[in-house]
1. For the condition within 22 Å of residue 527 (Cα to Cα) and either loosely packed, with under 14 Cβ neighbours inside 10 Å or at pLDDT 85 or above (or both), what is the one hit in 447, 477, 376?
2. Taking the stretch 96-126 as the region of interest, how many residues are out of contact with any helix residue (DSSP H, G or I) (no Cβ under 9 Å at 6 or more places or on another chain) and either part of a helix (DSSP H, G or I) or under 19 Å from residue 175 (Cα atoms) (or both)?
3. Being without any contact (Cβ under 8 Å) to a residue 40 or more places away in the chain and closer than 30 Å to residue 112 by Cα is the filter; apply it to the stretch 194-243 and report the residue that is surrounded by the fewest Cβ atoms within 10 Å (Cβ to Cβ).
4. Which ones in the stretch 514-566 are over 42 Å from the mean Cα position of the chain (by Cα), among the charged types (D, E, K, R), modelled with pLDDT under 75 and not in a helix (DSSP H, G or I)?
5. From the residues in the stretch 92-117 that are among the charged types (D, E, K, R) and touching a residue at least 60 places away in the same chain (Cβ under 8 Å), which one is farthest from residue 185 (Cα to Cα)?
6. Taking residue 424, is it within 30 Å of residue 488 (Cα to Cα), touching a residue at least 60 places away in the same chain (Cβ under 8 Å) and of a type in the set (A, V, I, L, M, F, W, C)?
7. Restricting to strands (runs of 3 or more DSSP E) lying wholly in the stretch 186-292: which have 2 or more residues that are under 30 Å from residue 155 (Cα atoms) and not charged (D, E, K, R)?
Amino acid sequence: MPGSARPDDSSTTRDWALTALVLTPVVVIVAVIGLLALSAWWFGGYPPEMFYAAAAVGLPAAGVTAFLLYRLARARSVTQTSLRSAEARVTGIVEAAMDPMIAIDERQRVVLFNAAAEAAFQWPRRAVVGQSIDMLIPTRFRGEHRRHVERFGRTGVTSRRMGGSTVLTALRANGDEFPIEASISQHREAGERIFTVILRDITERATAERQLAQSEARLRGILDSAMDAIITVDEAQRVVLFNAAAEKMFGCPAEQAIGAPLAWFIPARFRDTHAGHVQRFGAAGVSSRRMGATRIVMGLRRSGDEFPIDASISQIEEHGVKFYTVILRDVSERVKADDELRRSKDELKELATAAGSAREQEKMRIARELHDELAQAMTGLKMDLSMVRMTLPGAGAEVASRLDKMDRQIDVTIASMRRIAADLRPLALDDLGLVPALESLVDTFNQRSGVACELALSHPDFELTDAQATAVFRIVQESLTNVAKHANATQVEVTVENSAGELVVTVRDNGAGFPADAPVKPNSYGLLGLRERAYLLGGEVRTMSAPGSGTEIEVRLPLAASEASA
């Protein structure tokens, strides 16, 4: 068949050689017998005897010749049948091949064009066979392709790939070009060189490779434009990716970083811990998580300077090999700002504590003056008024009425001074302690508001500092004031207990309550004051309320070590 080996040519040659080998002796013998018979007839010898002799020799020779010719014809028939079967098998293989197969002669005219080639080039076979291969090649590549085939024919190499590492381009019947891979081989038929090309349409692969290249380019662009440093390491914790931000952050070019151990960029005292962390992360199977969630991670520049970083780590597995990618952010400025903010908060806390202490001291001083000086002065005035009444027994009714009125006004004034002094700073808090002061506060609340209020204590006495005792008293006082103003409650419960090293103060009422997400009213500082007092002592305030369900305020203050162990 065209484009494949022609075994029938060599087989025919062998058949004719065998025929010549068999018939040559027979022909010679027949010629000799004929010559003898002719001689006998010519010279008048023994013609009958010579005739019989010739027949005796010629008949066996003729029989042998006939038998040999029969064997030869049979063998030739079997050979031709096998040849046709072989050709059919080769043709079937070529036609069933998934890759296009094209054979051309020395003039580069198509002599074979299989079904896959028809599908790839969209040309019917009858339109291509006998035509120049140029019809399947874009115009700009035809000259180079012809020279390539000619050079390949001169090399004598049996087969090789066409184009090397370059993708070749073919031309469909409709004018569309498409990429192909091709290999070429050569052989001879009847003295003529035949070139066979097996090619493969790689349009889908080329498209996938182009998309992959575009995706990689986009990824590289994203990585290089990222503001955060991105580093990828393999299982040996050697760097395989180092983006531009990482170069800037660590002061190390990517050429030096690639292949280097990650330990280059970690302070020596943290390297063992970091290596163990990565190994545990890989074994955990978690896809990603933040590194050093509760503390700042430290990085190391190539200059030797350490700096704080935020880091998250993720892992992927490619072909059985794990890769770890770390995204880093230099938080030096943030840490500096946090330190300054913390220092500023500490200073404000100290200032607020000092201001609160000064305020309490001033209240104490004023309360003492009201109690000790003005109250005593009013008591003396009351005594003087009594003496005046005694010295004027015969005074008129009008004078007596005025004296009684003055006496009552002095009593009201004394009571008001005591109330104001107690509101400023209850003397019981300084003289008797927190528990009696709270009991007095609850009793006063009951009398003034008419709301039932109960006080529950887990301990008969609490060993607190003056600041803590004052804070607890003020928290309860302000809470009861809020209840009286806004809650419309009928019952209030105040509890103070020691719980797990904390002093827990709870004020609970059954009043109207309010939405938890309700906005703060203008110029309303009740809850804010509670939080500020708790914050200054390292505590916290929790408020729970809902419309119609009352309000609960819980304050937790850390106790001193001695009280916590009591």
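1. 477
2. Final tally of qualifying residues: 4.
3. The qualifying residue surrounded by the fewest Cβ atoms within 10 Å (Cβ to Cβ) is 204.
4. Across the stretch 514-566, the qualifying residue is only 521.
5. Across the stretch 92-117, the extreme among qualifying residues is 99.
6. yes
7. Answer list for the stretch 186-292: 192-201.
The values are calculated or read from the model by the stated rules, or taken from the named source; none is laboratory data. Given the structure is predicted, the values throughout are model-derived calculations rather than measurements. As a convention, Cβ positions derive from the backbone with ideal geometry for all residues, glycine included, and neighbour counts pool all protein chains shown.
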